[in-house]
Amino acid sequence: MRVALPQLARGAVMGAADIVPGVSGGTVALVLGIYRQLIEALHSCVAVVLKLLRGDIPGTRRAVSRVPWLWLGALGVGILTMIMIASGPLSSALATHPVELAGLFCGLIAGAVVLCWRQLDMPAPVHFVAGAVMAVLTFVLLGLSPASGGGSAITAPWWAFFLGGGIAICAMILPGISGSFLLVLMGLYAQVLGAVAERNFLVLGIFALGCATGLALASSALRWLLHHHHDLVIASMVGLMVGSIRILWPWPNGLDSTAMQLPTGGEWLVPTLLGALGVVIVIGMEAVANRLRTERSTVGQHGASSR
């Protein structure tokens, strides 16, 4: 119980972040000091699946015993509970205030761009080029679609939810980039949110299966890329987020359109203020994370010196 209750609370915070584009569940895990433990727990689950597929029954038993089931289960319950609670109000807000919410999302992504770029260990010209190329490609490709699928009605085919889940779950490995943001880019964000709010378990089941498949297939590859080409991967993700302005620009219709125009009259004020709030939220989260890491490091050094 002493393990489960803190994990439920941490999961609730991560769940609240996971449904908002621009705030990464991985970033929140960093803030809470559980990112490395989370990645190792997820990889222990992948190891179970791989050994089972190989028919290695003794190895599967050993892998199962290494999974921190209580820790991971409590975290998952907290995440899912918060998603279920918050998805309804957020889905309604998307329908009634698309421009204002797009302004908030735009600010969250802008803050995430700053946060991600700071993760580069040794920025070099090649990283600027990679980011710029990715930004231009994303901007152009998004413009090929007249709309982003901002409505919550389920119109996408089943395979799109499977593929979307597989891609979005990879954001958990990358602090700074949000799985919800990737769903926005794919035009699935409002539909997945609507499926959660309406308890459409068929769509949610397909989406969850895609998440599980994507985690099993891509987690090791992402870890390898981050280990061997960390700065290039992060720079490309920054470019992806910068290019996404095509879909996140509040005017004229928020997430419902990839068209872009300048605001008229006084309609610029509220989305702009919400955008500024989004930047403050993400940058503030990074400041909290840095402070907590510093405090943990200081405590660890004091503990080592006392011994």
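The values are calculated or read from the model by the stated rules, or taken from the named source; none is laboratory data. Treat the numbers as computed from the prediction; the structure is a model and nothing was measured. Cβ placement follows ideal geometry from the backbone for every residue including glycine, while neighbour counts extend to all protein chains displayed.
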Considering residues of segment 132-165 that are farther than 18 Å from GLY179 by Cα and of a type in the set (Ser, Thr, Tyr) only, the residue modelled with the lowest pLDDT: SER145
Filtered residues of segment 202-231 (kept if within 27 Å of ALA130 (Cα to Cα), in contact (Cβ under 8 Å) with a residue 60 or more places away in the chain and of a type in the set (A, V, I, L, M)): LEU215
Top-ranked residue in segment 69-105 [being among the polar types (S, T, N, Q) and over 29 Å from VAL242 (Cβ atoms); ranked as modelled with the highest pLDDT]: THR81
Any hit, segment 241-261, residues being at positive phi and either hydroxyl-bearing (Ser, Thr, Tyr) or surrounded by 21 or more Cβ atoms within 10 Å (Cβ to Cβ) (or both): yes
Residue pairs meeting the criteria (Cβ under 8 Å; at least 6 apart or on separate chains; first over 11 Å from ARG246 (Cα atoms), in segment 131-159; second modelled with pLDDT under 65): THR155/GLY149; ALA156/GLY149
Residue match in segment 116-131 (condition: modelled with pLDDT under 90, of a type in the set (Gly, Ala, Ser), assigned to a helix (DSSP H, G or I) and within 24 Å of GLU286 (Cα to Cα)): no
